[in-house]
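Taking it in order: structure first as structure tokens, then the write-up.
The values are calculated or read from the model by the stated rules, or taken from the named source; none is laboratory data. Quantities reported herein were computed from a predicted structural model and do not represent experimental measurements. We place every Cβ from the backbone using ideal geometry, glycine too, and count neighbours over all the protein chains shown.
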């Protein structure tokens, strides 16, 4: 009986195997409309501990491309100092890397080594910005832009950071970047800046905002023209430009006008007082009107006065939640902010913690 049943089951299984089509030997189907996966690619990535499911979910098309260069790209990264974990992380965040031909990879590596010869530093950049490193378009423009920035004595590390954070600025014609740099130079010198300090100033701008070169030169002229109309002197404008640095190129005159008008009305200040307030807190120029209204009203709601805000306008750089937290923390030691200067709550978190720690020690001292 048992043998008969077993024989029957085997015959049934055999018939079912004939009826059910077998899976493709070299590919995997994810959906009816999806291309067949390159099984060699999948296996090579799997051997490198890459999360295949993650790739299928976000960039499954890469797994279907032929040819791919998984092992070759991994070897290049390994030669540059990457371990297996780093390689897997790079492939998961930017799987298009496996489609780069070996000769293109060699050229790209040479390009980046010209500004970042330290392998360790380069690997940190590649892990953080793999899409920038594996961008193979407009290499002639990339070379030209690197040479131009080097001719300005811009530090190599700053150039490599620009290439990582804003690769678009290197892919476009060098003439466009030259125009922006020329405008920056003229702006700095017109406002009383010293030619000998120009390079340092430029490097600070580029460090603070790597996308500055993507801002049209006209944006600088429009923003500065508006501020001149508000009565700021050349010396005051240089102070603002240096404080805001690259951010000033992103300011829109119409938004600045609304922000300035609101602050002037809310603080009930004169034109001269308004200028001094903006110089003390340049962030006023780029906060949106709803943000300024919300923060100012929040200060009034907790019992602070207009005069206190006028004396310490930098308090507007803090969110209402941060202000409330600091006020309550100081109140736990008997310090009522409403009766004194707001300077005790402005500044960075580190500044506040330092001041708070000193207050704590002072209270702990025996009489």
Q | Test result for residue 181, assigned to a helix (DSSP H, G or I), within 14 Å of residue 200 (Cα to Cα) and either touching a helix residue (DSSP H, G or I) at 6+ places or on another chain (Cβ under 9 Å) or at pLDDT below 90 (or both) | A | yes
Q) Regarding residue 295, is this residue farther than 28 Å from residue 209 by Cβ and within 30 Å of the chain's Cα centre (by Cα)? A) no
**Q.** Only one of 196, 169 that is assigned to a helix (DSSP H, G or I) and loosely packed, with under 14 Cβ neighbours inside 10 Å
**A.** 196
Q) Within the group 227, 299, which residue is in a helix (DSSP H, G or I) and at pLDDT below 90? A) 227
Q: Would you check which residues across region 197-212 are over 24 Å from the mean Cα position of the chain (by Cα) and within 15 Å of residue 151 (Cα to Cα) and list them?
A: 198
Q: State whether the residues of region 267-278 include one that is assigned to a helix (DSSP H, G or I) and either farther than 21 Å from residue 228 by Cα or in contact (Cβ under 8 Å) with a residue 60 or more places away in the chain (or both).
A: no
Q: Would you check if there is a residue in region 71-85 being at positive phi, outside any helix (DSSP H, G or I) and touching a residue at least 40 places away in the same chain (Cβ under 8 Å)?
A: yes
Q: Quickly run through region 97-142 and pick out the residues that are closer than 22 Å to residue 54 by Cβ, touching a helix residue (DSSP H, G or I) at 6+ places or on another chain (Cβ under 6 Å) and assigned to a helix (DSSP H, G or I).
A: 97, 98, 126, 127, 130, 132, 133
Q.
Looking only at helices (runs of 4 or more DSSP H) that lie completely in region 303-367, which have at least 2 residues being modelled with pLDDT under 85 and over 16 Å from residue 267 (Cβ atoms)?
A. 349-364
